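Novice: Following this message is one structure expressed as structure tokens.
The values are calculated or read from the model by the stated rules, or taken from the named source; none is laboratory data. On a predicted model such as this, the values are computed, not experimentally measured, just so you know. For neighbour counting, all protein chains shown are included, and Cβ atoms are generated from backbone atoms with ideal geometry for every residue, glycine included.
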Ligand code: SF4
Ligand code: SF4
């Protein structure tokens, strides 16, 4: 999914005009994407003169860090609320299961998409 780096968007509005499904709008002086409307066509990425429109792959490290941080936060809460380090570790293992499940869903989705060719 595309996202806009607000630090380098100049608010020129080119992407707003060119998006085929009107998924981009101006928020004060920078553009933002309505991800539920976006059809992932890539037009905005190709036409932005500032290179402000980025791919998901450019956020991987950030997403991984956020996943680890939220897991640590849950573990702290479990340890505090349930007064047990074992519960915190159960939480860690549940989060691992959650991400394994996400991985399986992604792999199966890829398999189905490859069949569409
Ligand atoms: S084309 Fe690029 S710089 Fe111009 S508004 Fe869109 S994201 Fe910002
Ligand atoms: S990827 Fe296509 S549909 Fe999505 S915001 Fe960009 S131009 Fe619009």
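Novice: Only one of these conditions is not met by residue 45: (1) in contact with a strand residue (DSSP E or B) (Cβ under 9 Å, 6 or more places away or on another chain); (2) more than 15 Å from ligand 2 (Cβ to nearest atom). Which number is it?
Specialist: Failing condition for residue 45: (2).
Novice: Only one of 66, 23 is at negative phi and more than 13 Å from ligand 2 (Cβ to nearest atom). Can you tell me which?
Specialist: Numbers: 23 fails: more than 13 Å from ligand 2 (Cβ to nearest atom).
On inspection, the qualifying residue turns out to be 66.
Novice: Could you say whether any residue in segment 59-74 is farther than 30 Å from residue 89 by Cα, at pLDDT below 95, exposed (fewer than 11 other Cβ atoms within 10 Å of the Cβ) and more than 10 Å from ligand 1 (Cβ to nearest atom)? Please lay out each step first, then the result.
Specialist: Kept after step one, since they are farther than 30 Å from residue 89 by Cα, are these residues of segment 59-74: none.
Taking every residue of segment 59-74 in turn, none turns out to be farther than 30 Å from residue 89 by Cα, at pLDDT below 95, exposed (fewer than 11 other Cβ atoms within 10 Å of the Cβ) and more than 10 Å from ligand 1 (Cβ to nearest atom).
Novice: For segment 1-23, give me the residue count where each residue is within 18 Å of residue 58 (Cβ to Cβ) and surrounded by 11 or more Cβ atoms within 10 Å (Cβ to Cβ). Please lay out each step first, then the result.
Specialist: Start the filter on segment 1-23 by keeping residues that are within 18 Å of residue 58 (Cβ to Cβ), which leaves 1-9, 15.
Retained after the next criterion (residues that are surrounded by 11 or more Cβ atoms within 10 Å (Cβ to Cβ)): 2-6, 8-9, 15.
Looking only at that region, the number is 8.
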